[in-house]
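Peer 1: Quick one: this structure, given as structure tokens, is what I'll be asking you about.
The values are calculated or read from the model by the stated rules, or taken from the named source; none is laboratory data. Predicted model only: the values in this text are computed from it and were never measured. Heads up, the Cβs are rebuilt from the backbone with ideal geometry, glycines too, and the neighbour counts pull from every protein chain shown. In case anyone asks, the SASA skips ligands and DNA or RNA and just uses the protein heavy atoms, side chains included. Shrake-Rupley method; radii C 1.70, N 1.55, O 1.52, S 1.80 Å.
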Amino acid sequence: MSAPPCAAAAAHGDPPMTGPRVDGVETAVFTVPTDAPEGDATLAWESTTLVLARVRSAGATGIGYTYGAPATALVIDQQLSAVVVGRPVWDVPAANEAMNRAVRNTGRPGLVAGALSALDIALWDLKARLLGLPLVALLGACRAGVPVYGSGGFTTYDAERQDRQLREWVAGQGIPRAKIKIGESWGTAPDRDLHRVARARRSVGDAAELYVDANGGYTRKQAIRLARHLDDHGVTWFEEPVSSDDLTGLAQISAATAPDVAAGEYGYTLSYFGHMLQAGAVDCLQADATRCGGITVWLRAAALAEAAGVQISGHCAPHLHAHPAAAVPNLRHLEWFHDHVRIENLLFDGVLDPGGGSVHPGTSGEAGHGLTLREDRAEAYRTG
Ligand SMILES: [Mg+2]
């Protein structure tokens, strides 16, 4: 007979149960069609699913979410809710650790980590709301502005659509950084890749930073050969030139090429980032708070990177990264990802303005991360 989750956690030395407790956990699933077919080197999609977690205590509600399979909500409902309900709101790292232990036999990577992350973020939001503080103030600010970069440029876009999107970020909103997808069809269309990069440079002008993301589509030597041409176009960020599982390959490409090599978006545990940094695989670490274990683990990943002399960049879900990003010294930027920005603007009030190239979380005095679900709009997209 197994002990209930809270008792199991207490055996490992839980903090004393003080302060308000979590009263309830709820989930909701929203699926939003893309505004055009979207694709990168190794995947294509026509809709995106957001899995929302709400945690309640003392009349307040905290919300967190992750992007992923609808089954993520089942993990929250069937495995994690019972771990979190009844726990003190103040001790978010203890709740995170209890969830981590509870999923040992289910397997933490993948959608289980997404479920855990959504709840961790909701708990941080709930704590800040109960204290009446912006989340960045609760975490402790390290900076006022958080730089962002426009991210999209899907391989499925035609020339006109790519040009329009890039100009909207750089000329329209004053964001001096933009990224496009390359490595089309598993790296089998390098001529079109380079043609699109050349066009992207013309769209953003000479002054803006230009980034590319191959989503693991190239082979090692192919990436090194291509990087010389990317350098000719002033590309300074080469994301996932090969699979992010190939740490040796990433390290070789980093050593052999001019653009910074970045990876880490599939990190579901802290040790994943430790291995990536120890291998010298990245010039800038990416981490996704909606996958890696929430804000609790994202902040630890940032500290690991800092100790290795590397900056961190927030991957996707930009409104959930803004507050923790403002709390770390070694931040490079956040990914202002077209697909997620569109969904977050659609479903939530309290979104941030990236005008000028930075967001400023907490400056309007909102409690928590400041997002509230627009129930009226969201209902039309609800799928679970
Ligand atoms: Mg990427």
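Peer 1: Could you work out how much longer the chain between Arg167 and Glu97 gets when fully extended? Use 0.36 nm per residue separation minus the Cα distance between them, nm to one decimal.
Peer 2: Working: separation 70, 0.36 × 70 = 25.20 nm, distance 4.40 nm.
So the chain would gain 20.8 nm between Arg167 and Glu97.
Peer 1: Could you work out the percent of alpha carbon pairs in region 191-256 separated by over 16 Å, rounded to a whole number? Display every interim value, and only then the final one.
Peer 2: Numbers: 893 of 2145 pairs.
Counting pairs separated by more than 16 Å, the tail of P(r) holds 42 percent.
Peer 1: Can you give me the Rg/Rh ratio for region 266-384, using Cα atoms for both radii and the Kirkwood formula for Rh? List each step's numbers first, then the result.
Peer 2: Working: Rg = 15.3 Å, Rh = 15.2 Å.
Rounded to two decimals, Rg/Rh equals 1.01.
Peer 1: While we're on this one: Report the per residue volume, in Å³, of the convex hull enclosing the C-alpha atoms of region 1-152. Can you show the working numbers first?
Peer 2: Details: hull volume 22.9 nm³, N = 152.
About 150 Å³ per residue, rounded to a whole number.
Peer 1: Next question. Take the Cα radius of gyration of region 106-210 and divide it by 2.2 N^0.38 Å, with N its residue count; two decimals is plenty.
Peer 2: Numbers: Rg = 19.4 Å, N = 105, 2.2 N^0.38 = 12.9 Å.
Against the empirical 2.2 N^0.38 Å value, I get 1.51 for region 106-210.
Peer 1: Once Rh is set to the Kirkwood radius over Cα pairs, what Stokes-Einstein translational diffusion coefficient, in µm²/s, holds for region 158-206 at a temperature of 37 °C and a viscosity of 0.692 mPa s?
Peer 2: Result for D is 294 µm²/s.
Peer 1: Extending each Cα 7 Å along its Cβ direction at Thr106 and Ser271, get the distance between those two points in nm, one decimal.
Peer 2: 2.0
Peer 1: On a 0 to 90 degree scale, rounded to 10, what angle separates helix 247-256 from the longest Cα axis of the chain?
Peer 2: The two axes meet at around 40 degrees.
Peer 1: To continue, here is another question. Which residue fluctuates the most in the chain, going by a Gaussian network model with Cα springs under 10 Å, if the choices are Val103, Val55, Val25?
Peer 2: Looking only at Val103, Val55, Val25, the biggest GNM fluctuation is shown by Val103.
Peer 1: For the pair Ala308 and His229, how long in nm is the line joining their label points, each one 7 Å along Cα→Cβ?
Peer 2: Result for the modelled spin labels: 3.0 nm.
Peer 1: Let me ask another. Any aspartates and glutamates with Cα under 14 Å of the Lys127 Cα? List them, leaving off those in the same chain fewer than 8 positions away.
Peer 2: List returned: Asp23, Asp91, Glu366.
Peer 1: Once amide H atoms are placed 1.01 Å from N in the peptide plane, what residues at a sequence separation of 5 or more from Val359, or on another chain, have their amide H within under 5 Å of its amide H?
Peer 2: Val146, Val148
Peer 1: Ranked from the most accessible area to the least, with a 1.4 Å probe and all protein chains present, what is the order of Asp231, Asp193? Please list the in-between numbers first.
Peer 2: Values: Asp231 75, Asp193 0 Å².
From most exposed to least exposed: Asp231, Asp193.
Peer 1: Using the Kirkwood radius over C-alpha pairs as Rh, can you work out the diffusion coefficient of region 126-186 via Stokes-Einstein at 10 °C, viscosity 1.306 mPa s, in µm² per second?
Peer 2: Values: Rh = 14.4 Å.
In µm²/s, the coefficient rounds to 110.
Peer 1: Sorted by packing (mean other beta-carbon atoms within 10 Å per residue), highest first, where do 156-163, 171-178 land? Don't skip to the end; give the middle numbers.
Peer 2: Values: 156-163: 14.9, 171-178: 18.0.
Answer by packing, highest mean first, reads 171-178, 156-163.
Peer 1: Two-decimal Rg/Rh of region 89-136 from alpha-carbon positions, Kirkwood Rh?
Peer 2: The Rg/Rh ratio comes out at 1.05.
Peer 1: Using a 7 Å offset from the Cα along the Cα-to-Cβ direction at both Thr363 and Gln78, what is the distance between the two label points in nm, to one decimal?
Peer 2: Between Thr363 and Gln78, the simple spin-label model gives 4.6 nm.
Peer 1: Suppose the Debye formula is applied to equal point scatterers at every Cα of the chain; what is log10 I(q)/I(0) at q = 0.07, 0.13 Å⁻¹?
Peer 2: -0.30, -1.04
Peer 1: Dimensions of region 336-375 along principal axes (Cα, Å, largest first)?
Peer 2: The Cα atoms of region 336-375 stretch 28, 25, 11 Å along their principal axes.
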